[in-house]
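Here's the structure we're looking at; comments come further down.
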Amino acid sequence: GRSEVRYDVHIAPADGNLVLTFEDTSDAKDLVSFRRDFVANVSHELRTPLASVVGFIETLRGAAKDDPAARDRFLDIMEGEAHRMAHLVDDLLSLSRVEESERKRPTTVVDIAVLANSTLKQLDPQIAAAKATVSFEDQAQGTMVLADEGQLRQVISNLVENALRYGAKQGNITVGVYGPAYERRLRQNCIRLAVRDEGEGIAAHHLPRLAERFYRVDSHRSREVGGTGLGLAIVKHIVHRHRGHLLIESVEGKGSTFTVILPVSDQNPQLS
Ligand code: ADP
């Protein structure tokens, strides 16, 4: 088996103090039970909307047959459940593609600020629908990272979608990219990408497990807002593939910051 041990660092400011938790993310611990749990979770996640669709088909054949208003309402619900299943299957495929690519280093030289900005443009319709404001802060000044462009876009959109889902209604979201020149405290040649929201926040004890597959603070709420429970697991895998780190900071009732730290490409000649 693999002997490499990886850690995710989670920071939770509590009463003004910083609480650091280290998560061992080497997933070789018990691969068999991990797979078994995963299959059980996926089955459950698909079974629930499927049961609802089957139930409504029966209702449409019976009681609601001659009630056009009820029929339309039930069709809407069924459509929603179908979308939910499709979304879950899409996320499962993303996760398996990311896992497959994990041993290969990303090879494209990407300007992180340009990529972040254009990803935000693509998210405009969702941002508008949520009546949120997203401000973009570029302190990376053209810093390049070695990346898989599509995967890095997915990281940004998953984090922004979460900020929209769990952020304050009409709240502010900030997406910032910070280069090595700005980010002196990182010392190494890294860039920082941060997505901040002013939403409900997350209690500290959830943070170490938040990026696990299907881990949710509130399953009901996650489903209601269209979550699959896989968004952060996908983010975590992509970040690891890029030899980076995922940090989560949150204060309940105030908001959350999800930070991705990535090594810069050595094709930045101004950096040693
Ligand atoms: P989901 O599809 O449920 O959003 P994720 O893996 O993206 O799955 O996130 C896991 C859980 O983490 C969510 O269900 C939610 O409880 C919590 N979460 C994620 N992002 C935020 C955020 N910005 N603010 C508050 N809670 C969050």
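The values are calculated or read from the model by the stated rules, or taken from the named source; none is laboratory data. Fair warning: this is a prediction, and the values are worked out from it, not measured in the lab. Positions of Cβ are backbone-derived with ideal geometry, glycine not excepted, and every protein chain shown enters the neighbour counts. Heavy atoms of the whole protein, side chains included, go into the accessibility calculation; ligands, DNA and RNA do not. Shrake-Rupley method; radii C 1.70, N 1.55, O 1.52, S 1.80 Å.
When the residues of the range 233-254 are filtered to those that are farther than 21 Å from L152 by Cα and not acidic (D, E), the one that is most open to solvent (accessible area, probe 1.4 Å) is K254. Considering each residue of the range 162-176 in turn, none proves to be away from the ligand (no atom under 16 Å from the Cβ) and on the phi < 0 side of the Ramachandran plot.
Could you check, for the range 92-107, whether at least one of its residues is away from the ligand (no atom under 16 Å from the Cβ), of a type outside the set (S, T, N, Q) and buried (at least 17 other Cβ atoms within 10 Å of the Cβ)? Checking the range 92-107: at least one residue is away from the ligand (no atom under 16 Å from the Cβ), of a type outside the set (S, T, N, Q) and buried (at least 17 other Cβ atoms within 10 Å of the Cβ). If only residues of the range 9-43 that are modelled with pLDDT under 90 and in contact with a Lys or Arg (Cβ under 7 Å, 6 or more places away or on another chain) are counted, the one that is most open to solvent (accessible area, probe 1.4 Å) is A28.
For every residue, the table says whether it meets (1) free of Cβ contacts under 8 Å to residues at least 40 places away in the same chain; (2) surrounded by fewer than 18 Cβ atoms within 10 Å (Cβ to Cβ); (3) in a strand (DSSP E or B).
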{"residue": "E161", "(1), (2), (3)": "no, no, no"}
{"residue": "K169", "(1), (2), (3)": "yes, yes, no"}
{"residue": "A194", "(1), (2), (3)": "no, no, yes"}
{"residue": "G199", "(1), (2), (3)": "no, no, no"}
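Restricting attention to the range 130-161, the residues that are more than 18 Å from the chain's Cα centre (by Cα) and within 11 Å of the ligand (Cβ to nearest atom) add up to 0. So, of the residues in the range 44-66 that are exposed (fewer than 13 other Cβ atoms within 10 Å of the Cβ) and charged (D, E, K, R), which turns out to be farthest from R213 (Cα to Cα)? Checked the range 44-66; the qualifying residue farthest from R213 (Cα to Cα) is D66. Quickly run through the range 204-232 and pick out the residues that are open to solvent by less than 20 Å² (accessible area, probe 1.4 Å) and either more than 6 Å from the ligand (Cβ to nearest atom) or part of a loop (DSSP other than H, G, I, E, B) (or both). Matches in the range 204-232: L207, L210, A211, G227, T228, G229, L230.
For every residue, the table says whether it meets (1) charged (D, E, K, R); (2) touching an Asp or Glu at 6+ places or on another chain (Cβ under 8 Å).
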residue: V110; (1), (2): no, yes
residue: A129; (1), (2): no, no
residue: V145; (1), (2): no, no
residue: E149; (1), (2): yes, no
residue: V155; (1), (2): no, no
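Tallying residues that are outside any loop (DSSP other than H, G, I, E, B) and either open to solvent by less than 10 Å² (accessible area, probe 1.4 Å) or more than 20 Å from E161 (Cβ to Cβ) (or both) within the range 256-269 yields 7. Within the range 99-126, which residues are closer than 21 Å to V260 by Cα, at pLDDT 95 or above and assigned to a helix (DSSP H, G or I)? Of everything in the range 99-126, those that are closer than 21 Å to V260 by Cα, at pLDDT 95 or above and assigned to a helix (DSSP H, G or I) turn out to be I112, A113, V114, L115, A116, N117, S118, T119, L120, K121, Q122.
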